[in-house]
Amino acid sequence: MPRPKTRTDEQVLDAALELVHVGGVERLTFAAVAERCGLSAATLVQRFGTKATLTHRALWHAWDRLDASTAELAAAVPRTPDGAVELLIGLSRQYGDDVATYRSGLLVLHEDLGDASLRARGRAWEQALTAALEGCFASTRGAPAGIGHVLASHWQGALTWWAFDASSSLGDYLTGSLGALIAMLVPSPRRDDGADATV
């Protein structure tokens, strides 16, 4: 009879991702994953076959987690400009206020960019995220078409600018940066129809 699994595939893949975050795929070995998850290296080889398969499944699992988090946040935030900011800050909570954690996330992105199927996951996530952000402006008068993509792109850049300094919390930095961008993109109601003309 086969031995029962004492760890689910998801638990093993979580352990594998932790190793990738620590030092890239070079740190990802069956022995290292076995030490983290409590299964033997031989059991992991039987389950996943090769390191390449384990690596790909771990990175695919990371996209599954991000997709789920994005969908959950998109369903929970209000469909307002503030909701759009809340969504992006929520997606950033994985980094806390730790630049090292953000930097380790770039190690995963480095691997994604080398695999066509993982790049496709990135494109699909972009579409889902930008659609969710667009939905937050559906009732906002004067919001330009494509604001979701602009916000998502700005958010990605803002994460990098914050990491260079990190003198404030990431949440505070993003709130200010995204809020300033929205103020530039969406006209203030006071300025509609020339109501706020200069005197």
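The values are calculated or read from the model by the stated rules, or taken from the named source; none is laboratory data. Since the model is a prediction, treat every value here as computed from it, not as a measurement. As a convention, Cβ positions derive from the backbone with ideal geometry for all residues, glycine included, and neighbour counts pool all protein chains shown.
Of all residues in the range 61-81, which are among the acidic types (Asp, Glu) and without any contact (Cβ under 8 Å) to a residue 12 or more places away in the chain?
Within the range 61-81, the subset among the acidic types (Asp, Glu) is 64, 67, 72.
Once the filter is applied, which keeps residues that are among the acidic types (Asp, Glu) and without any contact (Cβ under 8 Å) to a residue 12 or more places away in the chain, the range 61-81 yields ASP64, GLU72.
Residue by residue, here is whether (1) in contact with a Phe, Trp or Tyr (Cβ under 6 Å, 6 or more places away or on another chain); (2) modelled with pLDDT under 95; (3) in a helix (DSSP H, G or I) holds:
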| position | (1), (2), (3) |
| --- | --- |
| MET1 | no, yes, no |
| LEU17 | no, yes, yes |
| GLU35 | no, yes, yes |
| HIS61 | no, no, yes |
| GLU72 | no, no, yes |
| ALA75 | no, no, yes |
| VAL85 | no, no, yes |
Open item on the list: Quick check on the range 112-119. Is at least one of its residues out of contact with any Leu (no Cβ under 7 Å at 6 or more places or on another chain), basic (Lys, Arg) and either part of a helix (DSSP H, G or I) or modelled with pLDDT under 95 (or both)?
Closed with: no
Task: Enumeration of residues in the range 45-90 that are touching a Gly at 6+ places or on another chain (Cβ under 7 Å) and either closer than 15 Å to LEU151 by Cα or of a type in the set (D, E, K, R) (or both) - done: ARG79, VAL85, ILE89
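When only residues in the range 96-148 that are of a type in the set (Asp, Glu) and farther than 30 Å from ALA52 by Cα count, which is surrounded by the fewest Cβ atoms within 10 Å (Cβ to Cβ)? Break it down stepwise before answering.
In the first step, residues of the range 96-148 are kept if they are of a type in the set (Asp, Glu); the result is 97-98, 111-112, 115, 126, 134.
Pick out the ones that are also farther than 30 Å from ALA52 by Cα and you get 97, 134.
On the way: ASP97: 16, GLU134: 18.
Among those that are of a type in the set (Asp, Glu) and farther than 30 Å from ALA52 by Cα, it is ASP97.
Of these, SER153, SER169, which one is touching a residue at least 12 places away in the same chain (Cβ under 8 Å) and under 24 Å from GLY96 (Cβ atoms)?
Details: SER153 fails: touching a residue at least 12 places away in the same chain (Cβ under 8 Å).
Just a single option satisfies the conditions, and that option is SER169.
Can you tell which of ASP196, ASP192 is loosely packed, with under 13 Cβ neighbours inside 10 Å, acidic (Asp, Glu), touching a helix residue (DSSP H, G or I) at 6+ places or on another chain (Cβ under 6 Å) and modelled with pLDDT under 90? Talk me through it step by step, then tell me what you get.
Values: ASP192 fails: touching a helix residue (DSSP H, G or I) at 6+ places or on another chain (Cβ under 6 Å).
That would be ASP196, the only listed residue that is loosely packed, with under 13 Cβ neighbours inside 10 Å, acidic (Asp, Glu), touching a helix residue (DSSP H, G or I) at 6+ places or on another chain (Cβ under 6 Å) and modelled with pLDDT under 90.
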- [ ] Could you please tell me which pairs satisfy a Cβ distance under 6 Å, a separation of 6+ or placement on different chains, a first residue in the range 13-37 that is without any contact (Cβ under 8 Å) to a residue 12 or more places away in the chain and farther than 17 Å from TRP63 by Cβ, and a second residue that is part of a helix (DSSP H, G or I) and not polar (S, T, N, Q)?
- [x] ARG27/LEU19; ALA31/ALA41; ALA34/ALA41; ALA34/LEU44
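Residues of the range 76-118 being among the polar types (S, T, N, Q) and within 16 Å of the chain's Cα centre (by Cα), which ones?
Step one: of the range 76-118, the residues among the polar types (S, T, N, Q) are 80, 92, 94, 101, 104, 117.
Correct list: SER92, GLN94, THR101, SER104.
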- [ ] Could you tell me whether THR6 is farther than 30 Å from LEU88 by Cα, more than 19 Å from the chain's Cα centre (by Cα) and not in a helix (DSSP H, G or I)?
- [x] yes
Open item on the list: If I filter the range 151-161 for residues that are surrounded by 11 or more Cβ atoms within 10 Å (Cβ to Cβ), under 25 Å from ALA71 (Cα atoms) and β-branched (Val, Ile, Thr), do I get at least one hit?
Closed with: no
Open item on the list: Which numbered condition in (1) in a loop (DSSP other than H, G, I, E, B); (2) at pLDDT 95 or above; (3) not aliphatic (A, V, I, L, M) is the only one that GLY122 fails?
Closed with: (1)
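Select from the range 30-64 the residues that are among the β-branched types (Val, Ile, Thr) and surrounded by 17 or more Cβ atoms within 10 Å (Cβ to Cβ) and write down the one among them that is nearest to ASP14 (Cα to Cα).
Result: VAL33.
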